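Some notes on the structure that comes next.
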Amino acid sequence: MRVISYNLRENHAAGELVPLVEHHDPDVLCLQECGSTGLPDRIGELKLAGATLRNRLGLALYFREHRFELVTSENFALKKSLHDHVLAPAEERVVGTRLEDTEEEREVVIASFHASPLTAVNSLRRAQIDAAHARLRELGPGLPALMVGDFNYPWFHKGLRARMVQSGYELSRSDQTTYARYKYFRGHFDFATSTGLEIGSVTTLPAGVSDHKPILVSASYRDEDQDQLIA
């Protein structure tokens, strides 16, 4: 299963989506900072599963209709930062989608996530990540899950990774940094958290007009015996 995540930088990179999908052939496309109005129903062979509704710039998730059947898609609001209260840029910060994988004959939960910006503290973003994971468990109890997006968490990944392990999730960073706006300010802003899945690779794709680079996550299902051993 191939999943692309891309922060479009206030929708400026929307014109790159068709060639991005055609070139990398993902099964799922997760977007952040996309325009909440005028989203196409399809991008190449991918169909829109869900998108945030109450944000000017929000999130969206597309899936390959030939492989998946949509079970349900929900938007979740998370704890707000001071930035959110003052400027109200994003009330909904997760699009969670439950899909039936007809190729593998099992279900999976995939989510597009956008944490509060760097003006917030890391503890707030950790609380948002924990809350997002909890909502995904409610969406698909016991199902494998993958959450990708802009975590706005470029440093101190060791502590975050340890927290994820305690909660039953794993954190996977990309092979290269993903933030490219400033020459001397870089970091891994975009990555993946998962449970019940093996993450083969997280590849940083070439930069476009966005200040974030897209990432491509390659994932496969763990078998039930392996899950029991890990538990």
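Listed values, structure above:
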read-out: Integer Hz, Karplus 6.51/-1.76/1.60 couplings in order for region 68-77, x for Gly and Pro; value: 10, 10, 6, 8, 6, 9, 9, 9, 10, 8
read-out: Most mobile listed residue (196, 38, 149) in the chain, GNM with C-alpha springs under 10 Å; value: 38
read-out: Long-range HN-HN contacts of residue 198 with modeled amide H, under 5 Å; value: 220, 221, 222
read-out: Full-stretch length increase - residue 22, residue 118 - with 0.36 nm per residue and alpha-carbon distance subtracted; value: 31.3 nm
read-out: Contour excess over end-to-end distance, with Cα ends at residue 102 and residue 207 and 0.36 nm allotted per residue; value: 34.5 nm
read-out: Ordering of 126-138, 11-23, 103-115 by burial proxy (mean other Cβ atoms within 10 Å per residue, highest first); value: 103-115, 126-138, 11-23
read-out: Label zone at residue 69 (point 7 Å along Cα-to-Cβ), backbone N below 14 Å, region 110-148; value: none
read-out: Counting DSSP beta bridges with both ends in the chain, the antiparallel % (nearest 5); value: 85 percent
read-out: For region 123-214, alpha-carbon Rg over 2.2 N^0.38 Å; value: 1.11
read-out: Listed residues 201, 36, 123, most fluctuating in the chain (Gaussian network, C-alpha, under 10 Å); value: 123
read-out: Loop-located trypsin sites (Lys or Arg not before Pro) in region 143-203, at most 15 other Cβ atoms within 10 Å (DSSP); value: 181, 183, 186
read-out: Apportionment of accessible area to carbon and sulfur, the chain, percent (1.4 Å); value: 49 percent
read-out: Residue among 154, 214, 206 with the largest mean-square fluctuation in a Gaussian network model of the chain, springs linking Cα atoms under 10 Å; value: 206
read-out: Lysine pair count for the chain [Cα-Cα under 27 Å; pairs on different chains or 8 or more apart]; value: 8
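The values are calculated or read from the model by the stated rules, or taken from the named source; none is laboratory data. Not measured: the values here are computed from a predicted model. A quick note on method: Cβ atoms are made from the backbone with ideal geometry, for glycine too, and the neighbour counts reach across all protein chains shown. Only protein heavy atoms, including side chains, enter the accessible area calculation; ligands, DNA and RNA are left aside. Shrake-Rupley method; radii C 1.70, N 1.55, O 1.52, S 1.80 Å.
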